[in-house]
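J.: My questions will all concern the structure given below.
The values are calculated or read from the model by the stated rules, or taken from the named source; none is laboratory data. These figures come from a predicted structure and were not determined experimentally. Here the Cβ positions follow ideal geometry from the backbone for every residue, glycine too, while neighbour counts run over all protein chains shown. Note: accessible area is taken over every heavy atom of the protein model, side chains too, but ligands, DNA and RNA are not part of it. Shrake-Rupley method; radii C 1.70, N 1.55, O 1.52, S 1.80 Å.
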Amino acid sequence: AEKVLGYDLLSLCLEGPRAELDRTRHCQPAVFVASLAAVEKLNHQRPEVVESCVAAAGYSVGEFAALVFAGALGFAEALYAVKVRAEAMQKASEAVPSGMLSVISRREANYKFACLEARKHCESLGIENPVCEISNYLFPDSRVIAGHLQALEFLQKNARKYYFTRTSMLPVSGAFHTRLMEPAVEPLAEVLKSIEIQKPLVCVYSNVDGKKYMHAKHVEKLLVKQVVSPVLWEQTMHSVYERRQGTEFPYTYEMGPGKQLGAVLKKCNLKAWKQYNHVDALEDEEAAET
């Protein structure tokens, strides 16, 4: 990773500084590498788990890790693509004051209407073509809305009107998975054209449509589209765990830093979550057990 990136990723992950690690250009490669390091750890401890895996999915940049795991992309080439993606997304973020707002709502919430009113508010401030839209579908009654900062501030102020019970700004620098990321499309498309992509050896589900990747061209096309499309994670969870009544749920492993996807799975599918495990490359086994 250090060779591909041109900086010492390991010491940045272990020693920080935190502010540098949180920057998009460093954060995405870090998540990608740490996720695959966790896969290596699991493969070392319990090879039968990795060998019997039937499906994989990755959240946003994690999709690149899922595709490497499934043999569709090589590690070094995928990391280079992630580097280009991360740098281009950071540059796009710096062009417009924008961000992402995590929302938990009541059933009555109408996200489309809320986003429309927030865009109208931006227009009244003189912002041309304002962006405010759902960028991540997490679980029932939870979405991430992304767009111009003024739109997100408006939604936070008027949360009660839209039946939003909890809102919090995410610690990211831009409106990922919206059209504000369009400047990042071309650089990523160029790099993916030059990479050899194979058909995945296990089913990998795409963030763009929540369905399985069918072939190499499909992977190339949807990875580019993913940058400006909402992450359909809730829909992906339904696709992954769809089974006939009475069929047992598989074991699920969340690989890499954080347990957020486990928390989301619990809200989407409690039965599937009961077979959930988390593997972090850093955690010492003894420390984890005590």
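J.: Let me spell it out: the conditions are (1) surrounded by fewer than 18 Cβ atoms within 10 Å (Cβ to Cβ); (2) touching a residue at least 40 places away in the same chain (Cβ under 8 Å), and Asn277 meets all of them except one. Which number is the exception?
T.: Only one criterion is unmet by Asn277, namely (2).
J.: Something else now. Contact list please: Cβ distance under 7 Å, first residue in region 253-271 and at positive phi, second residue assigned to a helix (DSSP H, G or I), pairs at least six apart or on different chains.
T.: Gly256/Val31; Gly256/Ala34; Gly256/Ser35; Gly256/Ala38
J.: Another one. Among the residues of region 6-26, count how many are in a helix (DSSP H, G or I) and either among the acidic types (Asp, Glu) or under 23 Å from Val219 (Cβ atoms) (or both).
T.: Count: 4.
J.: Could you tell me whether any residue of region 19-30 is open to solvent by 50 Å² or more (accessible area, probe 1.4 Å), free of Cβ contacts under 8 Å to residues at least 12 places away in the same chain and under 21 Å from the mean Cα position of the chain (by Cα)?
T.: yes
J.: I've got another one for you. Would region 237-251 turn up any residue that is part of a loop (DSSP other than H, G, I, E, B), basic (Lys, Arg), open to solvent by 40 Å² or more (accessible area, probe 1.4 Å) and out of contact with any Pro (no Cβ under 6 Å at 6 or more places or on another chain)?
T.: For region 237-251, residues part of a loop (DSSP other than H, G, I, E, B), basic (Lys, Arg), open to solvent by 40 Å² or more (accessible area, probe 1.4 Å) and out of contact with any Pro (no Cβ under 6 Å at 6 or more places or on another chain): present.
J.: Got at least one residue in region 85-106 being at pLDDT 95 or above, within 23 Å of Thr236 (Cα to Cα) and open to solvent by 30 Å² or more (accessible area, probe 1.4 Å)?
T.: There is at least one residue in region 85-106 that is at pLDDT 95 or above, within 23 Å of Thr236 (Cα to Cα) and open to solvent by 30 Å² or more (accessible area, probe 1.4 Å).
J.: Answer yes or no: is there a residue in region 111-134 that is surrounded by 15 or more Cβ atoms within 10 Å (Cβ to Cβ) and in contact (Cβ under 8 Å) with a residue 60 or more places away in the chain.
T.: Among the residues of region 111-134, at least one is surrounded by 15 or more Cβ atoms within 10 Å (Cβ to Cβ) and in contact (Cβ under 8 Å) with a residue 60 or more places away in the chain, which makes the answer yes.
J.: Residues to consider are Glu77, Glu63, Glu87, Glu48; find the one that is touching an Asp or Glu at 6+ places or on another chain (Cβ under 8 Å) and either outside any loop (DSSP other than H, G, I, E, B) or under 24 Å from Leu282 (Cβ atoms) (or both).
T.: Glu77
J.: In the list Pro171, Pro183, which residue meets the criterion of being modelled with pLDDT under 95 and open to solvent by 10 Å² or more (accessible area, probe 1.4 Å)?
T.: Residue meeting the stated conditions: Pro171.
J.: Which residue out of Ala175, Ala216 is of a type in the set (Gly, Ala, Ser), in contact with a Lys or Arg (Cβ under 7 Å, 6 or more places away or on another chain) and under 26 Å from His238 (Cα atoms)?
T.: Ala216
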